[in-house]
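What follows is a short report on a single structure.
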């Protein structure tokens, strides 16, 4: 896959699909201490060209069936969720057949097999982080408001932001976007099916040093190995034993 630069339209598509969480602590404000990726994670995005097949695959691997989360209006995707311990969860994301428009930056319709496509990291001070990055001459998109209606009618609200970078590829992006949940919104991990726990999160990329620099820019430390193509590698503890998603 070729390397691409995230432009404004692509970032808009990414941010509007958020179904995310909140874990990045106060250290994200000034970024005085780097946080391990596994702790910074809000949620993993597991892309699939068919949501039902993606749900079935994760259930087969883990023994836990994800619950439908809802659709992303105007983006063309819908999701299903599974808790990963703490305020973390797995978002299985696929095309929404009920929508005629598809604007998501990462076109899951092109996936030949389900796989991890990117991730979200959480912050409790997204405005402060945006200010710090902007003052450091970094181009950011957001923070912008987002929301999603659950099947039960409850509305989840958040703010999200992404940093312009060129560390990803067309479908796989190892650099997360940032999210901050509204105080009155229930975190998806709190009522998603439980039983799985995230054990580790690592990355591969053609230019590992560039990914590591991008991660550290937003206060994250991680294991990044040199490889021909970008890849996220998450190890889960599940009722069926250890499972590695890539």
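Residues in the stretch 125-151 that are in a loop (DSSP other than H, G, I, E, B), under 20 Å from the mean Cα position of the chain (by Cα) and modelled with pLDDT under 90: 139, 150. Evaluate the following for residue 232: is it within 17 Å of the chain's Cα centre (by Cα), under 30 Å from residue 153 (Cα atoms) and assigned to a strand (DSSP E or B)? It is false that residue 232 is within 17 Å of the chain's Cα centre (by Cα), under 30 Å from residue 153 (Cα atoms) and assigned to a strand (DSSP E or B).
Using the structure shown, decide if residue 212 is buried (at least 16 other Cβ atoms within 10 Å of the Cβ), on the phi < 0 side of the Ramachandran plot, without any contact (Cβ under 8 Å) to a residue 24 or more places away in the chain and touching a strand residue (DSSP E or B) at 6+ places or on another chain (Cβ under 7 Å). Let's see the steps before the verdict.
Working: buried (at least 16 other Cβ atoms within 10 Å of the Cβ): yes; on the phi < 0 side of the Ramachandran plot: yes; without any contact (Cβ under 8 Å) to a residue 24 or more places away in the chain: yes; touching a strand residue (DSSP E or B) at 6+ places or on another chain (Cβ under 7 Å): yes.
Here the answer is yes, as residue 212 does meet what is asked.
Within this structure, residue 225 fails the test of being surrounded by fewer than 21 Cβ atoms within 10 Å (Cβ to Cβ), under 26 Å from residue 140 (Cβ atoms) and modelled with pLDDT of 95 or more.
Test residue 69 against the stated conditions and say whether it is farther than 17 Å from residue 217 by Cβ and in contact with a helix residue (DSSP H, G or I) (Cβ under 9 Å, 6 or more places away or on another chain).
Details: farther than 17 Å from residue 217 by Cβ: yes; in contact with a helix residue (DSSP H, G or I) (Cβ under 9 Å, 6 or more places away or on another chain): yes.
For residue 69, the condition - farther than 17 Å from residue 217 by Cβ and in contact with a helix residue (DSSP H, G or I) (Cβ under 9 Å, 6 or more places away or on another chain) - is met.
Somewhere in the stretch 152-171, is a residue crowded, with 17+ Cβ neighbours inside 10 Å, at pLDDT 95 or above, touching a strand residue (DSSP E or B) at 6+ places or on another chain (Cβ under 8 Å) and under 21 Å from residue 81 (Cβ atoms)? No, the conditions are met nowhere in the stretch 152-171.
Tally the residues that are at negative phi and buried (at least 16 other Cβ atoms within 10 Å of the Cβ), restricting the search to the stretch 129-143. So the answer is 7. Quick check: anything in the stretch 126-136 in contact (Cβ under 8 Å) with a residue 60 or more places away in the chain and under 23 Å from residue 192 (Cβ atoms)? No, every residue in the stretch 126-136 fails to be in contact (Cβ under 8 Å) with a residue 60 or more places away in the chain and under 23 Å from residue 192 (Cβ atoms).
The values are calculated or read from the model by the stated rules, or taken from the named source; none is laboratory data. Quantities reported herein were computed from a predicted structural model and do not represent experimental measurements. Neighbour counts run over all protein chains shown; Cβ positions are idealised from the backbone, glycine included.
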